[in-house]
1. Given (1) open to solvent by less than 50 Å² (accessible area, probe 1.4 Å); (2) under 30 Å from CYS125 (Cα atoms), identify the lone condition not met by ALA347.
2. Please verify whether GLY140 is more than 26 Å from LEU36 (Cα to Cα), open to solvent by less than 10 Å² (accessible area, probe 1.4 Å) and not hydrophobic (A, V, I, L, M, F, W, C), treating the condition exactly as stated.
3. Look at segment 115-135 and say how many of its residues are under 17 Å from the mean Cα position of the chain (by Cα) and more than 15 Å from MET8 (Cα to Cα).
4. Just to be sure before I move on: is LEU122 open to solvent by 10 Å² or more (accessible area, probe 1.4 Å), among the hydrophobic types (A, V, I, L, M, F, W, C), within 28 Å of PRO85 (Cα to Cα) and not in a loop (DSSP other than H, G, I, E, B) in the structure I sent?
5. Just the residues that are under 19 Å from the mean Cα position of the chain (by Cα) and in a strand (DSSP E or B), please, taken from segment 5-29.
6. If you go through segment 342-371, how many residues are touching a strand residue (DSSP E or B) at 6+ places or on another chain (Cβ under 9 Å), under 16 Å from GLY186 (Cα atoms) and either among the aromatic types (Phe, Trp, Tyr) or part of a helix (DSSP H, G or I) (or both)?
7. Cβ-Cβ under 8 Å, sequence separation 6+ or interchain: first residue in segment 2-25 and on the phi > 0 side of the Ramachandran plot, partner crowded, with 24+ Cβ neighbours inside 10 Å. Which pairs?
8. Would segment 57-64 turn up any residue that is crowded, with 18+ Cβ neighbours inside 10 Å, of a type outside the set (A, V, I, L, M, F, W, C) and closer than 21 Å to GLY243 by Cβ?
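The values are calculated or read from the model by the stated rules, or taken from the named source; none is laboratory data. Since the model is a prediction, treat every value here as computed from it, not as a measurement. All Cβ positions, even for glycine, are placed from backbone atoms using ideal geometry, and neighbour counts span all protein chains on display. For accessibility, only protein heavy atoms count, side chains too; no ligands or nucleic acids. Shrake-Rupley method; radii C 1.70, N 1.55, O 1.52, S 1.80 Å.
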Amino acid sequence: MPLYIGLMSGTSLDGIDAALVRCGEGRPEWLGATGLPFSTALHDDLLALCLAREVSFAELARLETAFCERQAEAVNRLLLETGTPREAITAIGSHGQTIEHAPNATPAHTYQLDNPSLLAELTGCAVVGDLRRRDLAAGGQAAPLAPAFHAALFTASEAYRLVLNLGGIANLTRLPPSGQAAPVVGFDTGPANMLMDAWSQLHHGRPYDADGAWAASGRVDDALLARLLDDDYFSRLPPKSTGREHFHLDWLTSRLSGHESPCDVQATLAELTAASIAMGVTQCSAGVSTAYDALIPCGGGAHNADLLTRIQRHLPEIPLTPCERFGWSPDWLEAGAFAWLAHQRVAGLPGNLPDVTGARGPRVLGGLYAG
């Protein structure tokens, strides 16, 4: 079966994930992966771009080129580490770096910093890019796109399953058993690591709270949690998607009384993530009477023991099942999704799920740039 590479840089802005995936008949097979962190300067510049009200074309071009060069480095490292000949790669699926996602604005828009033409030049491989905007053009949210991949990878023959991506934002996918008429459901439940990471950076100068140890040392502030959960995003029914434009440090600080201890705020942010995920499970379980046989966590938050404990406490009836049990590492699932989406584009097959994004119908996603 053909080989594809998927590239992902998410809302955490920590670097490029690259996954080598065999796609074709049957379930996608993960063959290897690598990660390439951003330099501190590139991370800071990308974060500033995401928060900027104005930016020059020259600055956009500079950052896009630096980002693309980092992508090419990740591809070259992956090929070297896996011993894969460049000519064996059918295509690279590039997500790009989201700098603004506003599907409900007028006009609706979503912008990913990316340059598939340059990436094709630097790697010598065909590239599939601009994977979100066709769904947006068809009236969809353009996100999340991973649920279609989750369906290809994790669908069971008899049981309902949930897949939970714990990146900067949390995405939830509900998978019905194969052969059932029930649709796949997927949406962003709210912040996962994004606010916790920002709070950790602000108070400790560390990019994340390792294993949730700081959050575990604090006490949940119920009044603060209620103010956070009062945001109407959490009660809004899907299709829905969100990002840094909505959930950012100013969003948090505007809801603080000023008397909270930093560790209690961190504990409350972890509880916010768990509680909003549980709300999401309730939303996507409407009309489903069959119990779930697994909740499969992936993304960086899958390594946060405190966060997983909180999620399990909210959802005691659903077993948390490691991604490794299905032959995939939780760290590379999102990158794997964009390898699979590249395969769908090359094969001329739809990559979106209208029941997930709200698009008017299935669409072939992305443009193909020859290597």
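1. (1)
2. On the way: more than 26 Å from LEU36 (Cα to Cα): yes; open to solvent by less than 10 Å² (accessible area, probe 1.4 Å): yes; not hydrophobic (A, V, I, L, M, F, W, C): yes.
Yes; evaluated as a whole, the condition is true for this residue.
3. Of the residues in segment 115-135, 2 are under 17 Å from the mean Cα position of the chain (by Cα) and more than 15 Å from MET8 (Cα to Cα).
4. On the way: open to solvent by 10 Å² or more (accessible area, probe 1.4 Å): yes; among the hydrophobic types (A, V, I, L, M, F, W, C): yes; within 28 Å of PRO85 (Cα to Cα): yes; not in a loop (DSSP other than H, G, I, E, B): yes.
So LEU122 fits the description; yes.
5. Step one: filter segment 5-29 for residues under 19 Å from the mean Cα position of the chain (by Cα), giving 5-21, 28.
The answer is ILE5, GLY6, LEU7, MET8, SER9, GLY15, ILE16, ASP17, ALA18, ALA19, LEU20, VAL21.
6. Number of matching residues: 3.
7. Taking only residues 6 or more apart or on different chains, the pairs are LEU13/GLN97; LEU13/GLY168; GLY15/SER9; GLY24/HIS343.
8. Checking segment 57-64: at least one residue is crowded, with 18+ Cβ neighbours inside 10 Å, of a type outside the set (A, V, I, L, M, F, W, C) and closer than 21 Å to GLY243 by Cβ.
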